[in-house]
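Right, one structure below, let's go through it.
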Amino acid sequence: MLPKYHLLFGFLFSLILFIFFPFIGLSGFLIIFASSVLIDFDAYLNYIFIKKDFNLINAIKYFSKKRKEALLLPREKRTQRKGNIRILHGIEILLILFILGFFISKIFLFIFIGFAFHLFLDLIEQIYYGFRIAKVSLVYDFIKLKA
C-alpha cells in the first residue's frame, strides 16, 4: 500500500481508538499512528541495501514504480513475483512486540497495534490486487523467496 494511504488509514484508525478508548491517551494515539506508518522503514532499508542510496524520496519513487509495474502484469503473474524480505513485516515481530508489551511496557502493545493494523491493510491490498500473500511470516517468506 502506498505511504499516503497508510498515513490516512493509520491516522483514522488511531483516532477511532482514541475516541472509543480515551484511556490510551495522546501518547498511545501517537505511538499507534506512528508505528502504523513507520513499520515500512524496512522497505527503506531494503532500498539502501539494493541501490546503495540513502535518499528517501528516491526510495519512495523506486517502490512506487515497482508497484505500478506489478499492477500492469496479468493477475495470475502477480502471485509469482518475488519481493524482498521485510524484517518488520511478519507474525514473529508481532509476537515479540506482544510479549514485550505484556511483560515490559504497554508502549510495545501500542506498537503491536499499529504494526498489526498496517499488516492487515497490506493483506487486504495483496488479496484485492492478486499479489502473492507475503509479509505473513518472516520464516515463510524466506523459504518462499529461496525456492
Neighbour counts of other C-beta atoms within 10 Å: give me Ile16, Ile24 arranged from fewest to most. Ile16, Ile24
Say the cut-off is 30 Å between C-alpha atoms; which of Lys4/Lys51; Lys68/Lys106; Lys52/Lys106; Lys51/Lys106 go over it? Lys68/Lys106; Lys52/Lys106; Lys51/Lys106
Residue by residue through the range 7-24, which ³J(HN,Hα) values in whole Hz follow from phi under the Karplus form 6.51 cos²θ - 1.76 cosθ + 1.60 (θ = phi - 60°), with glycine and proline marked x? 4, 5, 5, x, 5, 4, 4, 5, 5, 4, 4, 5, 5, 7, 10, x, 5, 5
Any idea what the relative contact order of the range 3-146 is, in percent, if you count C-alpha pairs under 8 Å spaced at least 6 apart? 30
How high is the FRET efficiency from Ala34 to Gln80, r the C-beta distance, R0 41 Å, rounded to 0.05? 0.75
FRET efficiency (Met1, Phe41; Cβ distance; R0 22 Å; to 0.05) is 0.90
Measuring from the longest principal axis of the C-alpha atoms of the chain, the long axis of helix 106-129 (C-alpha) lies at a number of degrees, nearest 10, equal to 30
Among [x] 2, 9, 19, 23, 22, 17, 8, 2, 0, 0; [y] 1, 9, 14, 17, 19, 17, 12, 7, 2, 1, 0; [z] 2, 9, 16, 20, 20, 16, 9, 5, 2, 0, find the value of P(r) over Cα pairs in 5 Å bins from 0, in percent that was calculated from the structure presented, and write down its label. [z]
Given a Förster distance of 22 Å, the FRET efficiency implied by the Cβ-Cβ spacing of Leu8 and Arg67, rounded to the nearest 0.05, works out to 0.85
Taking 0.36 nm per residue of separation and subtracting the Cα-Cα distance, what length does fully extending Leu95 through Ser27 add? 22.3 nm
Which trypsin sites (Lys or Arg not before Pro) does the range 32-104 hold that lie in a coil by DSSP with at most 16 other beta carbons within 10 Å? Lys52, Arg81, Lys82
Go ahead and set up a Gaussian network model of the chain, Cα springs under 10 Å, then flag whichever of Glu125, Glu76, Glu92 fluctuates most. Glu76
Could you calculate the contour length gain from Val136 to Lys52, that is, 0.36 nm times the residue separation minus the distance between their Cα atoms, to one decimal place in nm? 27.5 nm
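We did not get these values from a lab; they are worked out from the coordinates using the rules stated. Computed from a predicted model, the values in this text were never measured in an experiment. Using ideal geometry, Cβ is built from the backbone for each residue, glycine included, and neighbour counts are taken over all protein chains shown.
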